[in-house]
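To keep things clear, I will list the structure first and then write my remarks on it.
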Amino acid sequence: MNDENDENKKKILIVDDEFDIVELLKLRLEINGFTVRTAFDGVEALEKIKEEIPDMILMDVKMPRLNGYKVTKAIRENPVTRMVPIFIITAMSKYTSNVAEQCRDLGINDVFYKPFDSGQLLTKIRECLHIH
């Protein structure tokens, strides 16, 4: 059964090769009123984006077939998707990697390091999507 509110829900695509992370994020977002689609690697993510452009993407960096940086580059190069907000969620260390610098260069909106505070992530998603 589809009601009017379902059509107004913001759509978020979660892209991560860790099933448990995907399921936890999906549950948390759905409980908070978002429509969620999932992909488990970069190639699948680009396929899902072609089917339906999400309002936001939450994505890991290290994934099979196509990493998060390459997916972001493809999204940013496409005029139809270039403005879709992207948050990176990574297990890479903010102290030993250049994740933040690479993300900034690619136009990624925010970076969260695993383990992350899901309440803080939800707040940042709402701010980015202008949901009060």
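The values are calculated or read from the model by the stated rules, or taken from the named source; none is laboratory data. Fair warning: this is a prediction, and the values are worked out from it, not measured in the lab. As a convention, Cβ positions derive from the backbone with ideal geometry for all residues, glycine included, and neighbour counts pool all protein chains shown.
Could we say that Arg82 is over 24 Å from Gln120 (Cα atoms) and touching a helix residue (DSSP H, G or I) at 6+ places or on another chain (Cβ under 8 Å) here? So Arg82 passes the test.
For Asn2, the criteria (1) at pLDDT 95 or above; (2) assigned to a loop (DSSP other than H, G, I, E, B) hold in every case but one, which is (1).
The rows are residues; the columns are (1) surrounded by 13 or more Cβ atoms within 10 Å (Cβ to Cβ); (2) basic (Lys, Arg); (3) at pLDDT below 90.
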| position | (1), (2), (3) |
| --- | --- |
| Asp60 | yes, no, no |
| Ile75 | yes, no, no |
| Asn78 | yes, no, no |
| Met83 | no, no, no |
| Thr90 | yes, no, yes |
| Asn109 | yes, no, no |
| Phe116 | yes, no, yes |
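Just one of the numbered conditions (1) assigned to a strand (DSSP E or B); (2) in contact with a Leu (Cβ under 8 Å, 6 or more places away or on another chain) is not true of Val111: (2). Against the condition surrounded by fewer than 19 Cβ atoms within 10 Å (Cβ to Cβ), under 14 Å from the mean Cα position of the chain (by Cα), closer than 16 Å to Leu121 by Cβ and basic (Lys, Arg), how does Arg28 come out, does it pass? Against the criterion (surrounded by fewer than 19 Cβ atoms within 10 Å (Cβ to Cβ), under 14 Å from the mean Cα position of the chain (by Cα), closer than 16 Å to Leu121 by Cβ and basic (Lys, Arg)), Arg28 qualifies.
So is Leu121 at pLDDT 90 or above and in a helix (DSSP H, G or I) or not? Judged against the criteria, Leu121 is a match. Considering the stretch 22-69 alone, what residues qualify as being under 19 Å from Ile108 (Cβ atoms), in contact (Cβ under 8 Å) with a residue 40 or more places away in the chain and acidic (Asp, Glu)? Asp55, Asp60 - these are the residues of the stretch 22-69 that are under 19 Å from Ile108 (Cβ atoms), in contact (Cβ under 8 Å) with a residue 40 or more places away in the chain and acidic (Asp, Glu). Number of residues in the stretch 44-101 that are over 11 Å from the mean Cα position of the chain (by Cα) and assigned to a loop (DSSP other than H, G, I, E, B) equals 22. Of all residues in the stretch 70-102, those satisfying the criterion of being of a type outside the set (Lys, Arg) and without any contact (Cβ under 8 Å) to a residue 24 or more places away in the chain are Glu77, Asn78, Pro79, Met83, Ser93, Tyr95, Thr96, Ser97, Asn98, Ala100, Glu101.
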